[in-house]
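J.: After the structure tokens below, expect a handful of questions from me.
The values are calculated or read from the model by the stated rules, or taken from the named source; none is laboratory data. Worth saying up front: this structure is predicted, and the values here are computed from it rather than measured. Quick reminder, even Gly has a Cβ in these numbers, built from the backbone with ideal geometry, and neighbours come from all protein chains shown. All accessible areas refer to the heavy atoms of the entire protein, side chains included, with ligands and DNA or RNA removed. Shrake-Rupley method; radii C 1.70, N 1.55, O 1.52, S 1.80 Å.
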Amino acid sequence: MLPGVELEVRHLRALCAIADTGSVHKAARQLGMTQPSLTTQLRRIEQAVGGQLFTRQRTGSKPTPLGRTVLTRARPIVAQMTELVREAKDAAGLGPGGPGTRLRLGSTGSRAVPGWLRRLNGRLPERDITFQTDVSANTLLRMVAGNQLDAAFVHEVEGSPLRVPDGVELRVLVRREPQFVAVHETHAAARAGRAVALAELADQKWMVDPSVDGDWDGLRRVFVDAGVDPRIVYGDYLSAGDLVAAGEVVTPCQPTAQPRPGMSIVPLEGDPLGVRLVVGFRSGTGLGEEGDAVFADLRASYEAVARSSPAYARWLTTRNAAPAPPFQRFLGAPPPDSGRGDPHPDPRTSIAGQADLSLSGD
């Protein structure tokens, strides 16, 4: 009696090949084996499962009832393993098109993402652009460092610095984006179209997602500075929108958020809460000219969604009326070699070129 075997994926793949080709001989050729070797392997597999899997007929090898049962379970396992290997190779840049054929992007939630991807697909039609989201900016940056992503668009809450891994550099899209608040449409500030003071919301329940890096810490600092101590409800921001519209909670939100029935978006008086918007690349690469395209298309998409948000457009128009160049204090600083910008830059941080955010046409 032949020694039994512990079934492995290669054994299941062999069974599928025999069933698909209808012949041990043809299956052996497909698998790069000799027919005697495959015949011996089949016998060991049959011994392991406890019965005959194929009958030999004039028309070829046909699965037995036991064989059909085993094949029903084997095929999805083989398919999943094949897909796993393919995805792993793609993630490592070793896919069938070779290195550089896939552009792997990631982002925390942002309304700028759809337009970003649309622009990149139009600009780089030969690239296979993949995308994934995560609530954790630090997780996405670790994926960039681990060569699982080529670039990640993330936010950094004031007072809660990102944990930038070694080997990752940041390029600043917006130096400081103010965070607004979503309130019920009947709130006085919403009806008046004005900013709302934190004191006006002190008796409201605030909903915050604690899984978003820095959000709760940043909001808590703002509450302490304002001397308010509102009730806190923990949850995800998708659910928060429904609860705001129902008048149950208020929640911090991006200024690009759109109002909806029952919910209005208003600035916070004094802009106490802000984030920095950055794109993380692997150090020393930055994707070269393609990295500039990635950044430029993201910037264009961000400007478009800023214009389309009524509250943010009004806020930007007010700031644009100041004597200083438009949005200078909000945008990424000019490149270090221009002689301006942060005199004490983080050595891991690459600074984006100056390109004023405006409310001109797309």
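J.: Quick one: is Leu219 open to solvent by less than 50 Å² (accessible area, probe 1.4 Å) and over 22 Å from the mean Cα position of the chain (by Cα)?
T.: Yes; evaluated as a whole, the condition is true for this residue.
J.: Then there is this: Any idea how many residues of region 167-196 are open to solvent by 20 Å² or more (accessible area, probe 1.4 Å) and touching a residue at least 24 places away in the same chain (Cβ under 8 Å)?
T.: 14
J.: Select from region 201-216 the residues that are polar (S, T, N, Q) and either surrounded by 15 or more Cβ atoms within 10 Å (Cβ to Cβ) or part of a helix (DSSP H, G or I) (or both) and list them in ascending order.
T.: Gln204
J.: Of the residues Asp90, Asp134, Asp128, which single one is surrounded by 12 or more Cβ atoms within 10 Å (Cβ to Cβ) and modelled with pLDDT under 85?
T.: The conditions single out Asp90.
J.: Quick one: is Thr186 outside any strand (DSSP E or B), among the hydroxyl-bearing types (Ser, Thr, Tyr) and out of contact with any Asp or Glu (no Cβ under 6 Å at 6 or more places or on another chain)?
T.: Here the answer is yes, as Thr186 does meet what is asked.
J.: Hey, Arg119 hits all of (1) open to solvent by 40 Å² or more (accessible area, probe 1.4 Å); (2) in contact with a Lys or Arg (Cβ under 9 Å, 6 or more places away or on another chain); (3) part of a helix (DSSP H, G or I) but one; which does it fall short on?
T.: (2)
J.: Yes or no: region 269-281 includes at least one residue that is of a type in the set (Phe, Trp, Tyr) and farther than 30 Å from Asp292 by Cβ.
T.: No: region 269-281 contains no residue that is of a type in the set (Phe, Trp, Tyr) and farther than 30 Å from Asp292 by Cβ.
J.: Just name the residue that is least open to solvent (accessible area, probe 1.4 Å) out of those in region 1-48 that are under 17 Å from Thr72 (Cα atoms) and acidic (Asp, Glu).
T.: Going through the qualifying residues, I end up with Glu46.
J.: Checking Arg163 against (1) of a type in the set (Lys, Arg); (2) outside any helix (DSSP H, G or I); (3) buried (at least 16 other Cβ atoms within 10 Å of the Cβ), which single condition isn't satisfied?
T.: (3)
Listed here are the residues, each with its yes/no results for (1) surrounded by fewer than 19 Cβ atoms within 10 Å (Cβ to Cβ); (2) part of a loop (DSSP other than H, G, I, E, B); (3) at pLDDT 95 or above.
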| residue | (1), (2), (3) |
| --- | --- |
| Gln258 | yes, yes, no |
| Phe281 | no, no, no |
| Thr285 | yes, yes, no |
| Gly291 | yes, no, no |
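J.: When the residues of region 222-235 are filtered to those that are free of Cβ contacts under 8 Å to residues at least 40 places away in the same chain and open to solvent by 60 Å² or more (accessible area, probe 1.4 Å), which remaining residue is farthest from Glu200 (Cα to Cα)?
T.: Tyr234
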